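The values are calculated or read from the model by the stated rules, or taken from the named source; none is laboratory data. Remember, predicted model here, so these are calculated numbers, not experimental data. In this analysis, Cβ positions are derived from the backbone assuming ideal geometry, glycine residues included, and neighbour counts consider all displayed protein chains. To get the accessible areas, we keep the full protein, side chains included, count just its heavy atoms, and leave off ligands, DNA and RNA. Shrake-Rupley method; radii C 1.70, N 1.55, O 1.52, S 1.80 Å.
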Amino acid sequence: MMCYQCEQTKGGTGCTEIGICGKTPEVAALQDLLIYSVKGLGSLAHHARTLAGIEDARVNTFVNGAIFSTLTNVNFADDRFLEFVNESRELHASLSAKLAAAGVTLPADATAQQPWFGSMPHPLAWNSQQDVALGGVGDMIEVGLQTGIKARQEVLGDTLAGLQELLTYGLKGLCAYAHHAEALGHTDPRVYADVQEYLHFLCSPAAADVGAVLDACFRSGATNFRVMEMLSNAHTSTFGHPVPTPVTLNPVPGKAILVTGHDMHDLHMLLEQTQGKGINVYTHGEMLPAHGYPGLKKYPHLAGHFGGAWYRQKIDFAGFPGAIAVTTNCVLDPLQVYKENIFTINETGLAGVPHIAADASGHKDFSPIIQRALELPGFTPEAVEKAPKKRDVTVGFGHNAVLSVAPQVIEAIQSGRLEHIFLVGGCDGSEPQRKYYSKLYEHMPQSTMVLTLGCGKFRIFDQDFGTLPGTEIPRLLDMGQCNDAYSALVVATELAKVFNTDVNSLPLSLDLSWFEQKAVAVLLTLLHLGVRNIRLGPRLPAFLTPEAVGVLVEKFNLMPANVADPAGDMKAMMACK
Ligand code: SF4
Ligand code: SF3
């Protein structure tokens with residue numbers, strides 16, 4: 001195997017024997033094959049749309065979900081990938097039949113072999129091959145082994161192969177966000193069309209050109225901006241705009257369910273289904289911002305938040321006395337001690353763990369999770385009594401809430417009481433270098449504010465930053481999940497308008513921590529918007545060669561976080577460098 005799609009990749013170069021995340025070579029091969037197949041399906045859907053105006057709703061939904069399933073820490077179950085690849089080929093066959101029925105033939109070069117496919121046929125041709133025996137996981141792994149990055153690196157070189165991966169990884173994040181929005185009934189035909197056009201592009205001769213690939217990467221950043229806006233609208237139109245809300249980190253006595261991941265729709269369905277059952281529901285990880293939404297906080301049994309960022313999951317889940325619902329990333333291979341308590345939903349999967357699928361109407365029956373929660377002890381009064389008491393945290397500073405205090409923020413900037421704003425957003429992870437982010441906060445002067453989003457917030461979310469001198473405005477404002485980077489961009493754009501300048505000229509610094517491919521999508525959006533001077537850490541992506549990084553440095557002054565010197569980075573950022 002060879003995988004270097006996330007920040008914790010082995011040795012900063014690539015996981016080759018087994019993933020640091022626990023991904024096996026078998027699952028890696030199946031994921032590679034699924035991406036290969038989906039490139040072909042996406043390409044076919046692109047032809048169907050542009051040649052015959054055919055829009056296939058099942059294909060649109062499937063492509064985004066299948067791509068999402070290959071994102072880091074989403075799915076480790078080989079039988080789920082067997083299903084995905086088979087479904088991809090079935091959908092390919094049904095869409096081909098629709099094209100044939102419409103009397104449309106594909107252009108002669110639609111399946112032209114590209115050198116980087118190596119021993120495999122063009123993905124579109126492979127999907128149509130009837131003679132490929134794909135009876136079981138073993139057969140698929142054999143084929144999947146031929147579709148990895150190595151073949152592309154050999155033909156294209158590391159820089160171009162890595163830039164193709166940059167586009168693919170950005171798509172993984174984008175498709176994940178689009179899939180969340182779709183769960184809430186929000187879709188955009190342009191987004192489906194864009195995704196499939198990028199997949200088609202990756203199968204075309206144009207993808208052999210560095211400039212064309214970079215251009216596609218930035219265009220995908222534009223698509224992701226639409227997607228994040230769509231997801232933000234999906235959340236706010238369904239659950240209302242987030243409002244500042246204190247959240248307890250102290251459990252209460254009673255039966256319990258813990259919900260992790262990013263999917264607010266699942267949490268809502270679970271809150272509905274647990275009403276009146278004597279079960280308290282707690283958020284974990286990226287579900288923390290749920291407490292700020294009026295349509296979710298209204299449920300009295302949404303009892304609080306439990307635990308920290310994803311990488312502490314084995315400790316948090318082992319210590320949770322109830323059932324655990326995994327809506328999306330990040331999920332880790334479970335410990336035996338809680339394996340019987342955990343359930344996967346949506347695109348997530350774990351070997352040997354029950355999965356709850358949606359029915360044809362999108363409804364999910366969470367009875368098995370509820371049943372398990374009722375069997376387990378929950379939090380006993382004694383355990384609650386003994387647990388160390390923690391201070392509340394405050395969530396709910398989406399763009400609406402922040403813009404409602406904009407006049408005070410503007411006045412504070414003009415009077416010099418607010419010197420600088422930091423956006424320290426993104427993912428968390430277990431590597432020691434990530435202490436940089438905790439230390440960064442220690443060096444922040446009192447005359448500054450910090451906006452957080454994503455699970456990176458768990459470095460400091462429970463600390464008291466006080467209020468901005470002379471105001472009631474908290475110095476620490478959590479804007480929500482990683483996708484709420486959209487909110488941060490709305491706030492920055494509005495501030496820039498007031499000061500009659502652009503985002504790059506504001507007293508604002510972005511110091512981003514990345515881990516997985518949602519962060520890649522957000523980064524591509526920021527670059528598409530022309531945001532400069534972003535610090536990125538704790539390590540730069542392994543799939544970007546020094547040559548590729550050089551282009552981003554020259555165009556955007558993108559810089560690596562100086563993890564050895566947080567004080568130095570803070571000084572530079574205060575000087576707007
Ligand atoms: Fe390694 Fe990350 Fe790939 Fe897992 S997702 S195999 S940790 S690079
Ligand atoms: Fe975290 Fe996995 Fe990226 Fe949504 S939960 S930010 S890492």
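In the condition set (1) modelled with pLDDT of 95 or more; (2) within 28 Å of the chain's Cα centre (by Cα), Y441 is compliant with all but (1). Looking only at region 145-159, decide whether some residue is within 23 Å of W514 (Cβ to Cβ) and not in a helix (DSSP H, G or I). Checking region 145-159: at least one residue is within 23 Å of W514 (Cβ to Cβ) and not in a helix (DSSP H, G or I). Tallying residues that are more than 27 Å from H355 (Cα to Cα) and either outside any helix (DSSP H, G or I) or of a type in the set (F, W, Y) (or both) within region 72-115 yields 13. No other residue among D462, D484 is charged (D, E, K, R) and crowded, with 24+ Cβ neighbours inside 10 Å apart from D484. Just one of T501, T493 is more than 15 Å from ligand 2 (Cβ to nearest atom), closer than 23 Å to V227 by Cα and over 21 Å from the mean Cα position of the chain (by Cα); which is it? On inspection, the qualifying residue turns out to be T493. Looking at region 539-556, can you tell me whether even one residue there is within 16 Å of ligand 2 (Cβ to nearest atom), within 21 Å of the chain's Cα centre (by Cα) and surrounded by fewer than 19 Cβ atoms within 10 Å (Cβ to Cβ)? Yes: one or more hits. The set of residues in region 1-11 being open to solvent by 20 Å² or more (accessible area, probe 1.4 Å), under 17 Å from Q153 (Cα atoms) and within 22 Å of the chain's Cα centre (by Cα) consists of M2, C3.
Within region 95-133, the residues that satisfy the criterion of being in contact (Cβ under 8 Å) with a residue 24 or more places away in the chain and open to solvent by 20 Å² or more (accessible area, probe 1.4 Å) are S96, K98, A102, V104, L106, P107, A112, P115, G118, S119, A125, S128.
Contact annotation: residue pairs with Cβ atoms under 6 Å, 6 or more positions apart or on different chains, pairing a residue in region 257-269 that is within 16 Å of ligand 2 (Cβ to nearest atom) with a partner that is of a type in the set (D, E, K, R), are H262/E286.
List the helices (runs of 4 or more DSSP H) that sit entirely inside region 180-288 and contain at least 2 residues that are open to solvent by 20 Å² or more (accessible area, probe 1.4 Å) and within 23 Å of T327 (Cα to Cα).
Where helices (runs of 4 or more DSSP H) fall fully within region 180-288 and carry at least 2 residues being open to solvent by 20 Å² or more (accessible area, probe 1.4 Å) and within 23 Å of T327 (Cα to Cα), they are 210-239, 264-274.
A residue that is away from ligand 2 (no atom under 16 Å from the Cβ) and in contact with a Cys (Cβ under 9 Å, 6 or more places away or on another chain) occurs somewhere in region 510-532.
Scanning region 50-83 for residues that are within 20 Å of E165 (Cβ to Cβ) and more than 15 Å from ligand 2 (Cβ to nearest atom) gives V63, N64, A66, I67, F81.
Looking at I257, I315, I279, I324, just one residue is out of contact with any Gly (no Cβ under 9 Å at 6 or more places or on another chain), farther than 28 Å from S487 by Cα, away from ligand 1 (no atom under 16 Å from the Cβ) and at pLDDT 95 or above, and that residue is I324.
Find all pairs meeting these conditions: Cβ atoms under 8 angstrom apart; at least six residues apart or on different chains; first residue within region 401-417 and touching a residue at least 24 places away in the same chain (Cβ under 8 Å) and open to solvent by less than 60 Å² (accessible area, probe 1.4 Å); second residue part of a helix (DSSP H, G or I) and hydroxyl-bearing (S, T, Y). Filtered contacts from region 401-417: V402/S487. A single entry from F422, F397 fulfils the requirement of being assigned to a loop (DSSP other than H, G, I, E, B) and surrounded by 21 or more Cβ atoms within 10 Å (Cβ to Cβ): F397. Looking across region 315-364 at every residue that is among the hydroxyl-bearing types (S, T, Y) and over 21 Å from G429 (Cα atoms), the one that is most open to solvent (accessible area, probe 1.4 Å) is identified as S361. Here is the figure for region 376-428: residues that are under 21 Å from the mean Cα position of the chain (by Cα) and either more than 26 Å from T245 (Cα to Cα) or aromatic (F, W, Y) (or both) total 1.
Check off (1) more than 20 Å from P251 (Cβ to Cβ); (2) in contact with a helix residue (DSSP H, G or I) (Cβ under 8 Å, 6 or more places away or on another chain); (3) assigned to a helix (DSSP H, G or I) for H291 and give me the number that stays unchecked. If we test H291 against (1) more than 20 Å from P251 (Cβ to Cβ); (2) in contact with a helix residue (DSSP H, G or I) (Cβ under 8 Å, 6 or more places away or on another chain); (3) assigned to a helix (DSSP H, G or I), just (1) comes out false.
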